[in-house]
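Remarks on the structure that follows.
The values are calculated or read from the model by the stated rules, or taken from the named source; none is laboratory data. These numbers were taken from a predicted model, which means no experiment stands behind them. So basically every Cβ, Gly included, is an ideal-geometry build from the backbone, and we count neighbours across all protein chains shown. These area figures cover heavy atoms from the full protein model, side chains too; ligands, DNA and RNA do not enter into them. Shrake-Rupley method; radii C 1.70, N 1.55, O 1.52, S 1.80 Å.
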Amino acid sequence: MSTGHGADSAPAPSTADDDIRTTDKGAAGRGPADLSQGPAGQGDRRGGGAAESAEPSQPSKPSQSSQPAKSSKPSMFSSLKIRNYRLFAMGQAVSNTGTWMQRIAQDWLVHSLTGSSTAVGITTALQFLPMLLFGLYGGVIADRCSKRKLLFVTQSTMGVIGLVLAALTLSGNVQVMHVYALAFALGLATVVDNPTRQTFVSEMVGPAQIRNAVSLNSANFQSARLVGPAVAGVLISAVGGGWAFLINGLSFGAPLIGLLLMRPGELYTSKPVRRGKGQLREGLRYVGGHPELLWPIVLVGFIGTFGFNFPIWLTAFTSDVFHAGAGTYGTLNFLMAVGSVAGALLAARRGQSRMRLMVGAALVFGVLEIAASLSPSYWLFAALMAPIGLAGLTFNVTANSSVQLASDPAMRGRVMSLFMMVFVGGTPIGGPIMGWITDVWGARTGFVAGGLISAVAAVAVALVLARLAGLRPAVSLRRGEPHLRFVPRTEVREPA
């Protein structure tokens, strides 16, 4: 799901200049996009020294006959007109459903074996620990190799891991240490799979369709969340979670078939980056020199680490607060997925990725988490799951597409590996912390802590971005005007 035009290696699409605002304030003073008007800026188009170890080349562009005609108005499903992406999306729909089934069954299995929210947090942490430790290496590998071939290896590996967990569970020999080990192994495969899969999307659809493809990928993943948890809840109650693991392992056959059926000549492939020294440091310097990349990634890190620990909170609320079973847990995940799908589809119709939308969605996400944690009844708690899903997905898609569109193609794998490293790699830190808080002080305290940290981080990053862009917050009490907006620092504040 990763892309970005940048540098001198790839021509920007005709729509790019309308969507990406370039700031020209020098390397040190380069500011992000205008919070009040513009989308994410792309900064210095020369890529911050990317050419030191790589020779970016113009992507080989398929013939126009293989691409859908451009429309003056964005279409919600325009990326699906592209055959390669359509195959990819169908395969991912099947695999994502199996993934969500395994997530629900795995959380419930660990909680059943141990009775501990901390154990659930440890399982989640082990699954994402490899991303924290080795995430940037995954981006380097993605930049160096054929992404289609690499995905075939990673998807096969993840399918085998699901089948092993199914065999252990169905045979009655599963122990929590087995789950820990397989979760860590899955994380190792994800280190390479995540940046490869995200950057491969740009090769399938090209730069003009990347926003739509990113949003549809999220809608795909979250739509599977509507089906997977419900099916997993039925299977757990009826025959046990082992069958959910088996279905997940087999589901990886769908994306493998899709990869085999693709037409390589219709891909927007770029020349792989040559092996060289210092490529990890080069990626970090590149992000550090571009505020429009750095600060969204910082915000993603805080919210990914502390705000997205739903396996911990929802299992704890289900068993300790509402005294219910796996069916209720699946229902809460289903409701959150409904909101997430709505957020993804709305994002697919949106023509721009704006910084103010990103920070606004992050703030709303944190506030809604706080409200849910204080809900006095199950029905109010459940009703807030959909808005939380919508706000969280809107934040994630906007941050994701903003970072991709502002990245140099030659640095794309490393930028997105850093993005994913802080988003999911922070879970080994936040998961055990939030699990411990939940065990010691209760589910409500753990949930409110995650929401509070998310809201505070959103406000802090918004102020930093505004300052870098030469803006300041302005408050107005006049009717018909925004009560809070960002204006240039030289603008005189009007009396309320």
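Might you let me know whether segment 170-193 holds any residue that is on the phi > 0 side of the Ramachandran plot and either out of contact with any Asp or Glu (no Cβ under 6 Å at 6 or more places or on another chain) or of a type in the set (D, E, K, R) (or both)? Spell out the reasoning first.
Residues of segment 170-193 on the phi > 0 side of the Ramachandran plot: 172.
Filter again for either out of contact with any Asp or Glu (no Cβ under 6 Å at 6 or more places or on another chain) or of a type in the set (D, E, K, R) (or both), leaving 172.
The answer is yes, given that some residue of segment 170-193 is on the phi > 0 side of the Ramachandran plot and either out of contact with any Asp or Glu (no Cβ under 6 Å at 6 or more places or on another chain) or of a type in the set (D, E, K, R) (or both).
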Practice problem: Among the numbered conditions (1) under 14 Å from Val424 (Cα atoms); (2) surrounded by 20 or more Cβ atoms within 10 Å (Cβ to Cβ); (3) touching a Pro at 6+ places or on another chain (Cβ under 8 Å); (4) among the aliphatic types (A, V, I, L, M), tell me where Leu132 comes up short. | Solution: (2)
Quiz item: Quick check, is Leu260 part of a helix (DSSP H, G or I), over 18 Å from Ile453 (Cβ atoms) and modelled with pLDDT of 85 or more?
Solution: yes
Quiz item: Quick one: Arg144 ticks every box in (1) buried (at least 21 other Cβ atoms within 10 Å of the Cβ); (2) at pLDDT below 90 bar one, so which box is it?
Solution: (1)
Self-check item: Exclusive hit being within 21 Å of Asn96 (Cβ to Cβ) and open to solvent by less than 20 Å² (accessible area, probe 1.4 Å), set Ala166, Ala185
Solution: Ala166
Quiz item: Is there a residue in segment 106-126 that is among the hydrophobic types (A, V, I, L, M, F, W, C), open to solvent by 30 Å² or more (accessible area, probe 1.4 Å), touching a Ser or Thr at 6+ places or on another chain (Cβ under 6 Å) and touching a residue at least 12 places away in the same chain (Cβ under 8 Å)?
Solution: no
Quiz prompt | Candidate set from segment 337-357 (those that are in a helix (DSSP H, G or I) and farther than 22 Å from Met385 by Cβ); member that is modelled with the highest pLDDT | solution = Arg356
Quiz item: How about segment 311-324: which of its residues are hydrophobic (A, V, I, L, M, F, W, C) and either open to solvent by less than 10 Å² (accessible area, probe 1.4 Å) or at positive phi (or both)?
Solution: Ile312, Trp313, Leu314, Ala316, Phe317
Practice problem: Name the residue, out of Phe302, Phe308, Phe334, that is open to solvent by 40 Å² or more (accessible area, probe 1.4 Å), assigned to a loop (DSSP other than H, G, I, E, B) and in contact (Cβ under 8 Å) with a residue 24 or more places away in the chain. | Solution: Phe308
Exercise. Would you mention how many residues in segment 263-296 are open to solvent by less than 70 Å² (accessible area, probe 1.4 Å), modelled with pLDDT of 80 or more and part of a loop (DSSP other than H, G, I, E, B)?
Key: 1
Quiz item: Of all residues in segment 221-255, how many are surrounded by fewer than 18 Cβ atoms within 10 Å (Cβ to Cβ) and under 22 Å from the mean Cα position of the chain (by Cα)?
Solution: 1
Exercise. State yes or no: is Ala337 within 26 Å of Ala232 (Cβ to Cβ) and within 18 Å of the chain's Cα centre (by Cα)?
Key: yes
